[in-house]
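To start, the structure itself, in C-alpha cells.
The values are calculated or read from the model by the stated rules, or taken from the named source; none is laboratory data. The structure displayed is predicted, hence computed values, not measured ones. Here the Cβ is made from the backbone with ideal geometry for all residues, glycine too, and neighbour counts use every protein chain on show. Calculation scope for accessible area: heavy atoms of the full protein, side chains included, ligands and nucleic acids excluded. Shrake-Rupley method; radii C 1.70, N 1.55, O 1.52, S 1.80 Å.
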Amino acid sequence: METTKLHTKAKAKAPAKAVEVLPVGQILSGDCIEAMRSLPDNSIDCVFADPPYNLQLGGDLNRPDGSEVDAVTDHWDQFDSFKAYDDFTRAWLTEARRVLKPDGALWVIGSYHNIFRVGSILQDIGFWILNDVVWRKTNPMPNFKGTRFTNAHETMIWASMGEKARYQFNYRAMKTLNDELQMRSDWVMPICSGGERLKEDGKKAHPTQKPEALLYRVLLATTEKGDVVLDPFFGTGTTGAVAKRLGRQWIGCEREDFYRGVAMKRIAKELPLDESALTTMQSRKSAPKVAFGTLVETGMIAPGTQVFDKKRRWTATVRADGSLDCKGQVGSIHGLGKELQGAPSCNGWTFWHYEDDGPNGKEVKLVDAARQTYLLANED
C-alpha cells in the first residue's frame, strides 16, 4: 500500500505534458517523409495525397498537328524501378498512418500506373479500404497515338485506419449535394482548365493540378469544420485553398520552392465561407434529438390535438405524455403507426399529420414540421 501512495504522489507532482502545436496554415519544405516526421502522433484528421504517379512514359508525345503534348516529365515523378517506387510509397504511407488520429482517414489519388501498387501497400500496413472512387473526366486528353483506350479517369482510394476503426462520413450532406440521391462512387467532373488553371509567365504552374471541385467533395464528405487536413504532396495548394474555404485547417508538404510560392499566393487570396454557409445537412445520427413529448410539453403540438395519416385512414389523439390514442389503441408516434399499418417499422415524424393555423386558414402539416420549427427556434 505504501508503494501505491508514493506512486500516486509522484504522479500528482509530475508536470503536465506540453501540448505540441501543429504547423497549421504552413507548407513544410523538403522531402515529405522527413517533413511528416516532424508532426506528432495521432494529430491529423484527414490525409489527402496526390503522390507521383511514376508514369513510365517512353519518348516524346505529339498531337496530330505535330505539336508536343505537355506531359509530366518532371524529376519528382521519375523512379529507377518499381521497387524504388514501392519503397517510397511504403515510407510516406507509414508516416501518414502514424500522424493520423484513430478515427482519421486517408485519401490517395492515382492512375493505372501507380494506384494498384499504392492500394496493395496501404492494405499491407493496416489501412482499411472504404471505397475506390472513380473520377471520370468529362474532357480527358485524347490518346493521340490511337494505340489504347483514352485514359478518361483516375482512381481515388478512401481508407480508414482499420477494419473496425471509426471514421467521418457526412452522408446527408453528400445526398443533398447530389439532388437527394445517394452519392455514387463515380464522380463526373472536368479536369482543371480555363481560369482555374494556375499559370506563371503564361505557362502551367503545375502539370497535374487537380480541380477544386474534387477536393471540395472529398473534404465536405469526410471532414468537419476545424479538422486538420494534411497534404504530403501539396503542389500548388489546391487542398489548402479548398480547406480554407470550407473552414478546415491545413498543413502541406512540398519540396519544390516554386510550387510553395505559387501555393501561398493562391491560398492568401482565398476567402473562407460565411459561418451560415458552412452549415450542412446533418444525418439523423448527428442531428439534435427532439422527443415528440418535448413538442407536447412546450405547446408546439398541444395535448388533445388530432393527428392522422396522409390518407386519413387513422386518426389519433395526442395525450399529455406524448403518446397517441387511436380508439383505445395507445402507443408512441412510431409504435402506434407501426401497429396500425401492420408494418415492421414506422417513422412517426413523417407518417402523422396535423392541422395548424396558416395565413389562409387551416393547413395540413407533417408532425416533423413542428419539430423543425422547434429546432430553428432553439438553435445556439
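Within region 224-233, the set of residues being under 15 Å from I109 (Cα atoms) and either small (G, A, S) or open to solvent by 10 Å² or more (accessible area, probe 1.4 Å) (or both) comprises just one member, F233.
Which residue out of Y167, Y112 is within 16 Å of the chain's Cα centre (by Cα) and either open to solvent by 70 Å² or more (accessible area, probe 1.4 Å) or modelled with pLDDT under 90 (or both)?
Values: Y112 fails: within 16 Å of the chain's Cα centre (by Cα).
Unique residue meeting the criteria: Y167.
Please go through region 129-180 and give me each residue that is without any contact (Cβ under 8 Å) to a residue 40 or more places away in the chain, part of a strand (DSSP E or B) and closer than 24 Å to I44 by Cα, ordered by number. It would help to see each step written out before you state the result.
So in region 129-180, the residues without any contact (Cβ under 8 Å) to a residue 40 or more places away in the chain come out as 129-130, 142-143, 146-150, 152-153, 162-164, 178-180.
So of that shortlist, the ones also part of a strand (DSSP E or B) come out as 129-130, 153.
Listed by number, the residues that qualify are I129, L130.
For (1) more than 19 Å from T223 (Cβ to Cβ); (2) open to solvent by less than 70 Å² (accessible area, probe 1.4 Å); (3) modelled with pLDDT under 95, each residue gets a yes or a no:
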{"site": "L57", "(1), (2), (3)": "yes, no, yes"}
{"site": "T73", "(1), (2), (3)": "yes, no, yes"}
{"site": "D80", "(1), (2), (3)": "yes, no, yes"}
{"site": "W92", "(1), (2), (3)": "yes, yes, no"}
{"site": "A105", "(1), (2), (3)": "no, yes, no"}
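Under the condition of being over 17 Å from the mean Cα position of the chain (by Cα) and open to solvent by 90 Å² or more (accessible area, probe 1.4 Å), which residue from region 262-283 is modelled with the lowest pLDDT? Residue satisfying both the conditions and the ranking: E275.
Rundown of residues vs (1) modelled with pLDDT under 90; (2) open to solvent by 10 Å² or more (accessible area, probe 1.4 Å); (3) out of contact with any strand residue (DSSP E or B) (no Cβ under 8 Å at 6 or more places or on another chain), yes/no style:
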position: T176; (1), (2), (3): yes, yes, yes
position: T236; (1), (2), (3): no, no, yes
position: L246; (1), (2), (3): no, no, yes
position: W250; (1), (2), (3): no, yes, no
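Residue count for region 117-163 satisfying the condition of being under 20 Å from the mean Cα position of the chain (by Cα), of a type in the set (A, V, I, L, M, F, W, C) and open to solvent by less than 80 Å² (accessible area, probe 1.4 Å): 12. A search for C-beta distances below 6 Å between a residue of region 190-212 that is modelled with pLDDT of 75 or more and any residue that is exposed (fewer than 14 other Cβ atoms within 10 Å of the Cβ) and outside any strand (DSSP E or B), counting only pairs 6+ apart in sequence or on different chains, returns P190/T138; P190/N139; I191/N139.
If you go through region 157-167 one residue at a time, do you hit one that is more than 16 Å from N131 (Cβ to Cβ) and of a type in the set (G, A, S)? Looking through region 157-167, none of the residues is more than 16 Å from N131 (Cβ to Cβ) and of a type in the set (G, A, S). Filtered by the rule that a residue be over 16 Å from the mean Cα position of the chain (by Cα) and open to solvent by 60 Å² or more (accessible area, probe 1.4 Å), region 197-217 gives K199, D201, G202, K203, K204. Within the set A370, A343, A316, the sole residue that is assigned to a loop (DSSP other than H, G, I, E, B), of a type in the set (A, V, I, L, M, F, W, C) and open to solvent by less than 60 Å² (accessible area, probe 1.4 Å) turns out to be A343.
When only residues in region 346-367 that are of a type in the set (D, E, K, R) and exposed (fewer than 12 other Cβ atoms within 10 Å of the Cβ) count, which is nearest to F308 (Cα to Cα)? If you could, list the steps in order and put the result at the bottom.
First, the residues of region 346-367 that are of a type in the set (D, E, K, R): 355-357, 362-363, 365.
Now restrict to residues that are exposed (fewer than 12 other Cβ atoms within 10 Å of the Cβ): 357, 362.
Values: D357: 16, K362: 15 Å.
The residue in question is K362.
Note on region 295-313: among residues that are open to solvent by less than 60 Å² (accessible area, probe 1.4 Å) and either under 36 Å from the mean Cα position of the chain (by Cα) or touching a residue at least 60 places away in the same chain (Cβ under 8 Å) (or both), the one that is nearest to L366 (Cα to Cα) is V307.
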